[in-house]
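Novice: Take a look at this one; I'll ask things after.
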C-alpha cells in the first residue's frame, strides 16, 4: 500500500475513543462567533491561513509526505497577527461609570452595511475600554443576525459576562421600545440595569449590569423590561 492509500485509509477510520467531535457544541459556538464578529466580514481584515502538508497517519506515527520533484515547495505560514481597524462610533459614545484596569467601560453603536447578508441590520453595539488619555480598546461587538430588523421591539442583544482580552466584560445589550427599567435576578437578588438612550434613535436603549452584582453570564436570569408605568414590555 502506497502513501496515498494509507492516507485515504486513515481519513476513513473512526476517531479514537474520547476524541469524537461534538457537532452541536461546534455549531453553537460558531453561531455565537458569527453573531459577535459579523461586522469584521468585509472590513478588509484578512486572517492568516495555515499551509497544510499532507501526512500519513498509521501505527501512532506522523510523518510528512515528501513533495514530488517538480512540485513547488510551499512557503512557511505567516506568524503575524492582523490588526483590526478601529471602529467609528455611530452616534455618541456612552460612558458607563464602571472602571477597570485599562480605563472606563464605554458603549457605542457601529454602522453595518451588508445588504446581501444582513439586509435588516444597519448597526451593532460595541463595548470597549476608554483609557484616561482617550484611547479606545475594543472588547466585544454584537449585532442582530436573526433575520429580523435590528430595531424590532424587544431585547435585540444581550451579551458579555465573561473575560475578553483579559478583562471581565459586564453583561450588556440593547432594547428597542419605551423602556424605563430593566431588571434581572442574580444570586437570588433582583438587580437593575443602567440605561442610556442612543443619540441617533432614542427608541433604542443601551443597558448594562454592575459587574459587582452580576459577575457572570451564568449568574443571572433572563432580563425583563418595564415602561414608565411599570408595565412589562414584550421581549
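The values are calculated or read from the model by the stated rules, or taken from the named source; none is laboratory data. Since we're looking at a predicted model, the values are computed, not measured. So basically every Cβ, Gly included, is an ideal-geometry build from the backbone, and we count neighbours across all protein chains shown.
Novice: Residue 210 is checked against (1) surrounded by fewer than 19 Cβ atoms within 10 Å (Cβ to Cβ); (2) modelled with pLDDT of 95 or more; (3) part of a strand (DSSP E or B) and fails just one. What number does that condition carry?
Specialist: Going through the list (1) surrounded by fewer than 19 Cβ atoms within 10 Å (Cβ to Cβ); (2) modelled with pLDDT of 95 or more; (3) part of a strand (DSSP E or B), residue 210 breaks only (3).
Novice: Here's something else I'd like to know. Would you point out the residue of the range 129-148, among those that are outside any loop (DSSP other than H, G, I, E, B) and more than 20 Å from residue 175 (Cβ to Cβ), that is farthest from the chain's Cα centre (by Cα)?
Specialist: Restricting attention to the range 129-148, the residues satisfying the condition of being outside any loop (DSSP other than H, G, I, E, B) are 129-130, 136-142.
Imposing the further condition that a residue be more than 20 Å from residue 175 (Cβ to Cβ) reduces the set to 129-130, 136-139.
Numbers: 129: 16, 130: 19, 136: 18, 137: 15, 138: 12, 139: 9 Å.
The extreme case among them is 130.
Novice: Considering every residue within the range 130-148, establish whether at least one is buried (at least 17 other Cβ atoms within 10 Å of the Cβ) and out of contact with any strand residue (DSSP E or B) (no Cβ under 9 Å at 6 or more places or on another chain).
Specialist: For the range 130-148, residues buried (at least 17 other Cβ atoms within 10 Å of the Cβ) and out of contact with any strand residue (DSSP E or B) (no Cβ under 9 Å at 6 or more places or on another chain): present.
Novice: Among the residues of the range 183-197, what is the count of those that are under 13 Å from residue 211 (Cβ atoms) and in contact (Cβ under 8 Å) with a residue 60 or more places away in the chain?
Specialist: Number satisfying all stated conditions: 1.
Novice: Within the range 202-235, how many residues are in contact with a strand residue (DSSP E or B) (Cβ under 6 Å, 6 or more places away or on another chain) and either free of Cβ contacts under 8 Å to residues at least 12 places away in the same chain or farther than 28 Å from residue 91 by Cα (or both)?
Specialist: 5
Novice: Another question, then. Only one residue in 170, 178 is out of contact with any strand residue (DSSP E or B) (no Cβ under 7 Å at 6 or more places or on another chain), in the same structural domain as residue 96 (by TED's automatic domain parsing) and surrounded by 16 or more Cβ atoms within 10 Å (Cβ to Cβ), so which one is that?
Specialist: The match here is 178.
Novice: Yes or no: residue 199 outside the structural domain of residue 151 (by TED's automatic domain parsing) and in contact with a strand residue (DSSP E or B) (Cβ under 8 Å, 6 or more places away or on another chain)? Steps first, please.
Specialist: On the way: outside the structural domain of residue 151 (by TED's automatic domain parsing): no; in contact with a strand residue (DSSP E or B) (Cβ under 8 Å, 6 or more places away or on another chain): yes.
In short, no.
Novice: Moving to a separate point now. Go through (1) surrounded by fewer than 21 Cβ atoms within 10 Å (Cβ to Cβ); (2) at pLDDT 95 or above and name the single condition residue 188 misses.
Specialist: All conditions pass for residue 188, except number (2).
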